[in-house]
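**Q** Shown below is the structure under consideration.
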Ligand SMILES: [Cu+2]
């Protein structure tokens, strides 16, 4: 195909409703079909999030409403162009996707930040199916807090057939009574469990309701994209079973009943809808003092009379298995700190230091990265020994590689493959991985205030 100029690509994009045909990875690899380039324009918009009228200074990707659910196919090239329509620098990180380091979207560590008015082309082939998400890695508390969190669905033709699918992007907003943004964080809370939003939403709505076939098996994909909130999820009015965590199938399925997920995590459920037309299955968050219905599924039509035991296994994601007998152990302590670290970065600083990994506080996304927390040899197996020395839970996220949960000091664990582990207060946990993706990979708490006030670092694989 002919090479297109930027102007032609943009014109094609406008004509194709946001898609443009560009020279993506498939073309460069000599594959037959060109890859459609998804245009993701980060921009300011208004959104109706409360009864008080439109909220101003909301951020999104695309034309209006929440960032689009991006659909990819496992093993098939994907291409997106970030167009920075904000008045500050940004990037996109593809949370949970095991892709080359240069596509990971972490400014200074893996790519230059993308200035206002500039673009950046992301091309990669997702190696795993499942539910993932995307967000900036620059001035993250503000940019994510104002809306820039979107869900990724990586499909696998080998998955069993469901009777329907609902994708839920769970997040909060820090809004005042007038529906406008208030201070994104309070320092006294950043030093504890984080500053919570005042308005809680699913897909940017207070309590959305979706129709689903009565008696059918519905796949519900949940992404916790909030900057602070940890959820404890249950389903009222229907049988709900956890089938995948953080994109990867669970070793053995279990009832949703009070399952916790932290910021950055995803949960895939199969919900067996009630038989009666109009019956409601309600997804509930019961953590904390104000339980809330997150979303409702309404049974529609005559019952399909499906049985959840008939649902076949999800397609497996293949990855190298750590050799535990020869794995080197790497200790990581997560602690509070009083040691202040002054930093200045175009990608934002909260101006406080409360947390540290291995006693070193670093907010990440700064032009002078500290030394890596550890240097890993490419291809070698490791056990990460994590210890939470604090009284707060921390969802710890590793970029670029997935790990397997081996053991915990506070609970029974399955050998789950994941990219984010929600550490209990004072928990010790062992995570195994093969260092099979070269580069510098961010490793941080996904409560963004914790990350940006010190609980951040990176691992070097070479
Ligand atoms: Cu944390």
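Just so you know, all these numbers are worked out from the coordinates, no wet-lab data involved. Worth saying up front: this structure is predicted, and the values here are computed from it rather than measured. Counting neighbours? That spans all protein chains shown, and the Cβs are built from the backbone with ideal geometry, glycine included.
**Q** Quick one: 120, 443, fewest Cβ neighbours within 10 Å first, how do they rank? Intermediate values should be presented prior to the final figure.
**A** Numbers: 120 20, 443 23.
Taking fewest neighbouring Cβ atoms as first place, the list is 120, 443.
**Q** Moving to a separate point now. Once you compute Rg and the Kirkwood Rh from C-alpha atoms, what is the Rg to Rh ratio for segment 408-451?
**A** Computed over Cα atoms, the ratio is 0.98.
**Q** Taking the beta-carbon count within 10 Å as an exposure proxy, list 36, 155 from fewest neighbours to most. If you can, show how the numbers build up before the last one.
**A** Details: 36 20, 155 15.
In order of increasing Cβ crowding within 10 Å: 155, 36.
**Q** Using Cα pairs closer than 8 Å and at least 6 residues apart in sequence, work out the relative contact order for the chain, in percent.
**A** On the way: 1321 pairs, mean separation 62.7, N = 462.
For the chain, the relative contact order is 14 percent.
**Q** Something else about it: DSSP beta bridges in the chain, what fraction antiparallel, as a percent rounded to 5? Before the final figure, lay out each step's value.
**A** On the way: 89 of 122 bridges.
Once the DSSP bridges in the chain are tallied, antiparallel ones form about 75 percent.
**Q** If you take every DSSP beta bridge fully contained in segment 332-462, what fraction is antiparallel? Give it as a percent rounded to 5. Before the final figure, lay out the partial values.
**A** Working: 30 of 36 bridges.
The answer is about 85 percent antiparallel.
**Q** Can you pull the percent of Cα pairs in the chain with separation above 42 Å? Show your work: numbers first, answer last.
**A** Working: 12299 of 106491 pairs.
Summing the P(r) tail past 42 Å for the chain gives 12 percent.
**Q** Another question, then. Could you grab the Rg to Rh ratio for segment 229-338? Cα atoms only, Kirkwood for Rh. Present the calculation step by step, with values, prior to reporting the outcome.
**A** Values: Rg = 18.4 Å, Rh = 16.9 Å.
That ratio is 1.09, to two decimals.
**Q** Can you give the alpha-carbon Rg of segment 75-179 over 2.2 N^0.38 Å, where N counts its residues?
**A** Numbers: Rg = 15.7 Å, N = 105, 2.2 N^0.38 = 12.9 Å.
Working it through for segment 75-179, the quotient is 1.21.
**Q** Report, please, the projected area of segment 171-212 averaged over directions, based on the convex hull of its C-alpha atoms, in nm². Provide the component values of the computation, followed by the final result.
**A** Details: hull surface 15.3 nm².
Mean orientational projected area (segment 171-212, Cα hull): 3.8 nm².
**Q** Normalized C-alpha radius of gyration of segment 36-118, against 2.2 N^0.38 Å? Could you put the intermediate results ahead of the total?
**A** Working: Rg = 14.5 Å, N = 83, 2.2 N^0.38 = 11.8 Å.
Scaled against compact globular proteins, the figure is 1.23.
**Q** Using the Cα gyration tensor of segment 335-462, with a ≥ b ≥ c the square roots of its eigenvalues, what is the shape: rounded (a/c below 1.5), prolate (a/b larger than b/c) or oblate (neither)? Walk me through the numbers before you get to the answer.
**A** Details: a/c = 2.21, a/b = 1.27, b/c = 1.75.
Here segment 335-462 falls in the oblate category.
**Q** With r defined as the distance between the Cβ atoms of residue 287 and residue 344 and R0 fixed at 35 Å, what FRET efficiency is calculated, to the nearest 0.05?
**A** Numbers: r = 36 Å, r/R0 = 1.03.
Rounded to the nearest 0.05, the efficiency is 0.45.
**Q** Suppose the chain between residue 359 and residue 460 were pulled fully straight at 0.36 nm per residue; how much longer would it get relative to their current alpha carbon spacing? Display every interim value, and only then the final one.
**A** Details: separation 101, 0.36 × 101 = 36.36 nm, distance 1.82 nm.
Extra length from residue 359 to residue 460 when fully extended: 34.5 nm.
**Q** Give me the one-decimal nm value for the distance between modelled label points at residue 326 and residue 186, 7 Å along each residue's Cα-to-Cβ direction.
**A** Each label point lies 7 Å from its Cα, and together they span 5.4 nm.
**Q** Distance from a point 7 Å along Cα→Cβ of residue 387 to each backbone N in segment 346-373: keep the residues under 19 Å and list them by number.
**A** Inside the label zone: 355-361, 373.
**Q** Normalise the Debye intensity by I(0) for segment 298-403, one equal point scatterer per Cα, no solvent, then take log10 at q = 0.21 Å⁻¹ and round to two decimals.
**A** Treating every Cα as an identical point scatterer, log10 I(q)/I(0) equals -1.28.
**Q** Considering only segment 89-161, what is the antiparallel percent among its DSSP beta bridges, to the nearest 5?
**A** Numbers: 9 of 10 bridges.
Here the share of antiparallel DSSP bridges comes out near 90 percent.
**Q** So what's the back-of-envelope 222 nm ellipticity for the chain, counting only DSSP H runs of four-plus at -39500 (n - 2.57) apiece and dividing by all residues, rounded to 500?
**A** After summing the helix terms and dividing by residue count, I get -1500 deg cm²/dmol.
**Q** A follow-up question, please. Relative contact order for segment 95-240: what is it in percent, counting Cα pairs under 8 Å that are at least 6 residues apart?
**A** Details: 205 pairs, mean separation 33.5, N = 146.
So the answer I get is 23 percent.
**Q** Starting from the coordinates of the alpha-carbon atoms of segment 184-240, obtain the Kirkwood hydrodynamic radius over all distinct pairs and give the value in Å to one decimal. Don't skip to the answer; put the middle values down first.
**A** On the way: mean 1/r = 0.0700 Å⁻¹.
So the Kirkwood estimate lands at 14.3 Å.
**Q** Using packing as a proxy for protection, rank 121-128, 110-117 so that the peptide with the highest average count of other Cβ atoms within 10 Å comes first. Mind dumping the intermediate values first?
**A** Values: 121-128: 20.8, 110-117: 16.6.
Top to bottom by mean Cβ count within 10 Å: 121-128, 110-117.
**Q** Can you sort 132, 210 so the residue with the fewest Cβ neighbours within 10 Å comes first?
**A** Sorted ascending by nearby Cβ count, the order is 210, 132.
**Q** Write down the radius of gyration of segment 347-409 and its Dmax, each obtained from C-alpha positions, in Å.
**A** When restricted to Cα atoms, segment 347-409 yields Rg and Dmax of 14.1, 38 Å.
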